[in-house]
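Right, one structure below, let's go through it.
The values are calculated or read from the model by the stated rules, or taken from the named source; none is laboratory data. What you see is a predicted model; the values in this text were computed from it and never measured. Cβ placement follows ideal geometry from the backbone for every residue including glycine, while neighbour counts extend to all protein chains displayed. Please note that ligands, DNA and RNA were not included when accessible areas were found on the heavy atoms of the full protein model with its side chains. Shrake-Rupley method; radii C 1.70, N 1.55, O 1.52, S 1.80 Å.
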Amino acid sequence: VTPPLAWRVGQGYDIHRLAPNLPFWLGGVLLDSPVGCVAYSDGDVLLHALIDALLGACALGDIGDHFPPNNPQYKAMRSSIMLAHVLEYVTQAGYAPQQIDCTIVLEAPKLGPYKTIIKNTLIQLLGLSVDRVNVKAKTAEGLGAIGTQQAVAASVSVVLMAVGT
Ligand code: MG
């Protein structure tokens, strides 16, 4: 048996298709946008990537293992609720998030006006201080599905620290 880890690192990635007249949730924030995510849940790619990073850090599989798509229980489920469940799993595993770094790739709408509110929402959802959360936004330079505004993607890295005992 290997000794318990004092620190754990996780990374997560997600991509969703965009279509007209759907809500566009990103990092727990509802964007003002003519397009939104095609998804069974609320399609929040940033929170989905964060959930996968947390699960990955704890060696607990992925979001699909815990919230299977096409299960009516999870239809239109807010990703912030899924995140709350996953944070409970992290706590049960004996760890607490210490730091996250996020990258969003989206062509439009421009995320400049949203970066601070997304960051503050993540700070609240995770209970972290302002120097522990970073949100980066970039475009795909017009290339591929993201560049032609057919999709949005996000990746998240997270560091967990063992707590208690
Ligand atoms: Mg997803």
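Within the range 41-64, restricting attention to residues that are over 18 Å from residue 153 (Cα atoms) and in a loop (DSSP other than H, G, I, E, B), which residue is nearest to the ligand (Cβ to nearest atom)? Within the range 41-64, the match that is nearest to the ligand (Cβ to nearest atom) is 61. Scanning the range 12-30 for residues that are within 10 Å of the ligand (Cβ to nearest atom) and in a loop (DSSP other than H, G, I, E, B) yields a count of 0.
Residue-wise test of (1) under 23 Å from residue 134 (Cα atoms); (2) among the acidic types (Asp, Glu); (3) under 11 Å from the mean Cα position of the chain (by Cα); (4) modelled with pLDDT of 95 or more.
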{"residue": "30", "(1), (2), (3), (4)": "yes, no, no, yes"}
{"residue": "42", "(1), (2), (3), (4)": "yes, yes, no, no"}
{"residue": "46", "(1), (2), (3), (4)": "yes, no, yes, yes"}
{"residue": "49", "(1), (2), (3), (4)": "yes, no, yes, yes"}
{"residue": "64", "(1), (2), (3), (4)": "no, no, no, no"}
{"residue": "71", "(1), (2), (3), (4)": "no, no, no, no"}
{"residue": "84", "(1), (2), (3), (4)": "yes, no, no, yes"}
{"residue": "103", "(1), (2), (3), (4)": "yes, no, yes, yes"}
{"residue": "115", "(1), (2), (3), (4)": "yes, no, no, yes"}
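A single member of 9, 86 is surrounded by 13 or more Cβ atoms within 10 Å (Cβ to Cβ), more than 14 Å from the ligand (Cβ to nearest atom) and not in a loop (DSSP other than H, G, I, E, B), and it is 9.
Residue under question is residue 38, and the condition is that it be open to solvent by less than 20 Å² (accessible area, probe 1.4 Å) and in contact (Cβ under 8 Å) with a residue 12 or more places away in the chain; does it hold? Taking the combined requirement at face value, the residue does not satisfy it.
Being surrounded by fewer than 21 Cβ atoms within 10 Å (Cβ to Cβ), in a helix (DSSP H, G or I) and either at positive phi or not β-branched (Val, Ile, Thr) (or both) holds for only one residue in 110, 119, and it is 119. Every condition in (1) in contact (Cβ under 8 Å) with a residue 60 or more places away in the chain; (2) of a type outside the set (Lys, Arg); (3) farther than 23 Å from residue 19 by Cβ is met by residue 84 except one, and the failing one is (1).
Answer yes or no as to whether residue 72 is surrounded by fewer than 14 Cβ atoms within 10 Å (Cβ to Cβ) and away from the ligand (no atom under 14 Å from the Cβ). It is true that residue 72 is surrounded by fewer than 14 Cβ atoms within 10 Å (Cβ to Cβ) and away from the ligand (no atom under 14 Å from the Cβ).
Any residue at all in the range 41-57 that's over 16 Å from residue 83 (Cα atoms) and hydrophobic (A, V, I, L, M, F, W, C)? If you could, list the steps in order and put the result at the bottom.
At the first step, the residues of the range 41-57 found to be over 16 Å from residue 83 (Cα atoms) are none.
Looking through the range 41-57, none of the residues is over 16 Å from residue 83 (Cα atoms) and hydrophobic (A, V, I, L, M, F, W, C).
Count of the range 95-154 residues, restricted to those that are among the hydroxyl-bearing types (Ser, Thr, Tyr) and within 21 Å of residue 38 (Cα to Cα), is 4.
Would you confirm, using the coordinates I've provided, whether residue 33 is within 26 Å of residue 149 (Cα to Cα), within 10 Å of the ligand (Cβ to nearest atom), polar (S, T, N, Q) and in a loop (DSSP other than H, G, I, E, B)? Outline the logic, then answer.
Working: within 26 Å of residue 149 (Cα to Cα): yes; within 10 Å of the ligand (Cβ to nearest atom): no; polar (S, T, N, Q): yes; in a loop (DSSP other than H, G, I, E, B): yes.
No.
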